[in-house]
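Asker: Right, I'll just put the structure down here and ask away after.
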Amino acid sequence: MLHLTRTTSDSADFRALVHLLDQDLQVRDGAEHTFYAQFNKVDAIRHVVVAYLGAEPVGCGAFKEFTRELVEIKRMFVQPAHRGQGIAPAILTALEQWAQTLHYRGCVLETGKKQPEAIRLYQKSGYHGIPNYGQYVGVENSVCMQKDF
């Protein structure tokens with residue numbers, strides 16, 4: 001049975017999952033990985049969700065404040081063997097609900113064109129495309145999205 005736990009970036013399980021995420025992204029993004037990696041540091045993230053099946057950590061996600069009204073979804077990942085089981089939508093929903101309890105009015109995120117399954121997840125979850133923001137302006141592979149509550 002799936003169990004979601006709120007934690008911080010100090011979680012060893014979160015850090016282990018992020019390591020697997022970074023390995024996956026390095027393969028997908030190739031030479032562009034170094035550019036993206038600089039924006040995905042995990043130290044001092046206070047809002048992290050780790051998904052467990054039994055005692056096994058199988059997925060994660062996090063958010064950081066983006067503006068006073070919006071959070072940025074970060075570090076979404078589900079282990080390949082556990083994909084397609086509704087884990088990513090459960091994590092995303094838990095992050096959104098947490099952000100709402102903290103009085104944010106929505107979420108933004110950045111993903112890559114080389115991650116079509118992530119784009120589909122976000123579209124199915126009510127996110128829509130927005131102009132690339134911040135460090136992603138002018139980056140051809142980046143897809144930025146937003147969802148308002």
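Readers should treat all values here as calculations from the given coordinates under stated rules, not as data from a laboratory. Just so you know, these numbers come straight off a predicted model, no measurement behind them. Note: ideal-geometry Cβ built from the backbone for every residue, glycine included; neighbour counts use all protein chains shown.
Asker: Mind counting the residues in the range 50-96 that are farther than 28 Å from Val139 by Cα and β-branched (Val, Ile, Thr)?
Answerer: 3
Asker: Sort through Val108, Val139 and tell me the only one that's over 15 Å from Thr5 (Cα atoms), surrounded by 13 or more Cβ atoms within 10 Å (Cβ to Cβ) and over 13 Å from the mean Cα position of the chain (by Cα).
Answerer: Only one candidate qualifies: Val139.
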